[in-house]
Amino acid sequence: MIFKLIDKSCYEKIAPLSLKLAELHAAQRPDLFQETKIMSKKEFIKRIKLKGFLGIAAYKNDMLCAYCFCRIKHFKSKQNPDTASLWIDEIFVKEEYRRNGVGTALFEEIKRIAKEKDCAIIEFDVWELNDAAKKFYDELGCKTQRTLKEYKL
């Protein structure tokens, strides 16, 4: 597995995968994710230029098989006035590479980068309906930090 940092040259390969992730969310929560369309190159470039952005692409035999959009967030705590977390915005593994260690290898790379950037924790959201993702993160040893509840009107 080879990992590369995402830059603007990655748009053509990453955008279709990001669309698949959006479609997955729309299928699970059509009330929140109504329109799915491929991210424009302009949107992609704007996103990768955000402060603290990190993008990681995973390749196997020169084929893109997974990616992660994340960012470094700084916050203050009583114990440490400048604490950082690595926040995962998006993570996606192509279907044909799932359950083959690709997601685990990508998460290990995310952990390596988080340590390198002096992050105290890695944080992310998982939609309640996404049982496969919840199981995956549980198997990696991730713990629930908090629960976000909703009341639909």
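Name the pairs whose Cβ atoms lie under 6 Å apart, with the first residue in region 132-147 and closer than 22 Å to GLU95 by Cβ, the second part of a loop (DSSP other than H, G, I, E, B), and 6 or more positions between them or separate chains?
Pairs that qualify, where the first residue is closer than 22 Å to GLU95 by Cβ and the partner is part of a loop (DSSP other than H, G, I, E, B), are ALA133/VAL126; LYS134/VAL126.
Scan region 55-65 and tell me whether some residue there is assigned to a helix (DSSP H, G or I), β-branched (Val, Ile, Thr) and either out of contact with any strand residue (DSSP E or B) (no Cβ under 8 Å at 6 or more places or on another chain) or modelled with pLDDT of 90 or more (or both). Write out each step before concluding.
Kept after step one, since they are assigned to a helix (DSSP H, G or I), are these residues of region 55-65: none.
Checked region 55-65: no residue is assigned to a helix (DSSP H, G or I), β-branched (Val, Ile, Thr) and either out of contact with any strand residue (DSSP E or B) (no Cβ under 8 Å at 6 or more places or on another chain) or modelled with pLDDT of 90 or more (or both).
Which one of the conditions (1) in a helix (DSSP H, G or I); (2) under 17 Å from LYS20 (Cα atoms) does TYR137 fail to meet, given that it meets all the rest?
All conditions pass for TYR137, except number (2).
Between a residue in region 99-125 that is at positive phi and any residue that is charged (D, E, K, R) and buried (at least 18 other Cβ atoms within 10 Å of the Cβ), which pairs come within a Cβ distance under 8 Å, given they are 6 or more apart or on different chains?
Correct list of pairs: empty, since none qualify.
Please work out if GLN28 is over 18 Å from the mean Cα position of the chain (by Cα) and either among the aromatic types (Phe, Trp, Tyr) or closer than 30 Å to LYS152 by Cβ (or both).
no
Out of THR104, THR83, which single residue is farther than 25 Å from ARG29 by Cβ, of a type outside the set (Phe, Trp, Tyr) and at pLDDT 95 or above? Talk me through it step by step, then tell me what you get.
Working: THR83 fails: at pLDDT 95 or above.
When all the criteria are applied, what remains is THR104.
Table: residues versus (1) free of Cβ contacts under 8 Å to residues at least 40 places away in the same chain; (2) farther than 28 Å from CYS119 by Cα; (3) among the aromatic types (Phe, Trp, Tyr).
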| site | (1), (2), (3) |
| --- | --- |
| LYS13 | no, yes, no |
| GLU23 | yes, yes, no |
| ALA26 | yes, yes, no |
| HIS74 | yes, no, no |
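Check off (1) assigned to a loop (DSSP other than H, G, I, E, B); (2) under 17 Å from the mean Cα position of the chain (by Cα); (3) at pLDDT 90 or above for ILE88 and give me the number that stays unchecked.
Unmet for ILE88, out of (1) assigned to a loop (DSSP other than H, G, I, E, B); (2) under 17 Å from the mean Cα position of the chain (by Cα); (3) at pLDDT 90 or above: (1).
For (1) assigned to a helix (DSSP H, G or I); (2) modelled with pLDDT under 90; (3) under 18 Å from CYS68 (Cβ atoms), each residue gets a yes or a no:
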{"site": "LYS4", "(1), (2), (3)": "no, no, yes"}
{"site": "ALA26", "(1), (2), (3)": "yes, yes, no"}
{"site": "LEU32", "(1), (2), (3)": "no, yes, no"}
{"site": "LYS37", "(1), (2), (3)": "no, yes, no"}
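Applying the selection to region 60-86, what residues are within 26 Å of ARG98 (Cβ to Cβ) and surrounded by fewer than 16 Cβ atoms within 10 Å (Cβ to Cβ)?
If the condition is that a residue be within 26 Å of ARG98 (Cβ to Cβ) and surrounded by fewer than 16 Cβ atoms within 10 Å (Cβ to Cβ), then ASN61, ASP62, MET63 are the ones that fit.
Restricting region 97-125 to residues that are of a type in the set (Val, Ile, Thr) and surrounded by 16 or more Cβ atoms within 10 Å (Cβ to Cβ), which is farthest from ARG71 (Cα to Cα)? Lay out the reasoning, then the answer.
Step one: filter region 97-125 for residues of a type in the set (Val, Ile, Thr), giving 102, 104, 110, 113, 121-122.
Then keep just the ones that are surrounded by 16 or more Cβ atoms within 10 Å (Cβ to Cβ); that gives 102, 110, 113, 122.
Working: VAL102: 21, ILE110: 11, ILE113: 11, ILE122: 10 Å.
My answer is VAL102.
Does ILE45 count as farther than 22 Å from SER9 by Cβ and touching a helix residue (DSSP H, G or I) at 6+ places or on another chain (Cβ under 7 Å)? Give the derivation first.
Details: farther than 22 Å from SER9 by Cβ: no; touching a helix residue (DSSP H, G or I) at 6+ places or on another chain (Cβ under 7 Å): yes.
Taking the combined requirement at face value, the residue does not satisfy it.
The values are calculated or read from the model by the stated rules, or taken from the named source; none is laboratory data. The shown structure was predicted, so the numbers you read here are calculated from the model rather than taken from an experiment. Here the Cβ is made from the backbone with ideal geometry for all residues, glycine too, and neighbour counts use every protein chain on show.
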